[in-house]
Amino acid sequence: MFVGAGAGAPSFLGIPGEFAGQVYSANEFLTRVNLMAATSSPTRHADHDRQERGGDRRRQHGDGLPAVAKRLGTPTVRCVYRRSEAEAPARIEELRHAKEEGIEFFFLHAPVEILVDGDGNVRGMKVQKMMLGEPDEKGRRKPIRSTSSSSWSATR
């Protein structure tokens, strides 16, 4: 699972499961791809001791680099973003290209927990539906949690 909240300077979400061995920040993910010569995935590098233990799906929180995971051969890539598409900081063409490549976007959703099994392996993500409230100090409408939530399995 790639958590791309704050590419450049890692930003943590403060949710359960965030520090599981198969969860990577944007910087760690890109470092593994670019510098560690990961062939099909940064989590499958031969010299890496945190190898992915099954599953063919990745979730990404954030919207800047979802195509990287897709181009590495991940069949299903989901991008979860707590605001609407209009508020996404990505360029319009980035979003369009990602959609053309098959990335699934879940706007107005926020991760609330990364689900792990008894051995600490990532098995999914629990997300909560959001709605937009009043503008924040930057002028963007602030995401507010709604009452509904759902979970995604890493092996579905």
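Give the long-range amide H neighbours of Y24: residues separated by 5 or more places, or on another chain, with amide H under 5 Å away, using H modelled in the peptide plane at 1.01 Å from N.
When sequence neighbours closer than 5 places are left aside, the close amide H contacts are F2, V3.
Roughly how many nanometres apart are two label points built 7 Å out from the Cα toward the Cβ at R71 and F19?
Using points 7 Å along Cα→Cβ, the separation is 3.3 nm.
What FRET efficiency comes out for K142 versus E100 if R0 is 41 angstrom and r is the Cβ-Cβ distance? Round to the nearest 0.05. Mind dumping the intermediate values first?
Values: r = 30 Å, r/R0 = 0.74.
The computed FRET efficiency comes out at 0.85.
Length gain on complete extension for the stretch N121 to E93, per 0.36 nm per residue less the alpha carbon to alpha carbon distance? Could you put the intermediate results ahead of the total?
Numbers: separation 28, 0.36 × 28 = 10.08 nm, distance 3.45 nm.
Working it through step by step, the gained length comes to 6.6 nm.
Between E85 and L35, what's the calculated FRET efficiency when r is the beta-carbon distance and R0 is 41 Å? Round to 0.05.
Values: r = 32 Å, r/R0 = 0.78.
For E85 and L35, the calculated efficiency is 0.80.
Would you grab the residues whose amide H sits under 5 Å from the one on S84? Only those 5+ places off in sequence or on another chain, please, with H modelled 1.01 Å from N.
Distant-sequence amide H within range of S84: L108.
Read-outs: derived from the displayed coordinates by stated rules, not from any lab. A quick note: this is a predicted structure, and the numbers were derived from the prediction, not measured. Here Cβ is always computed from backbone atoms with ideal geometry, including for glycine, and neighbour counts include all displayed protein chains.
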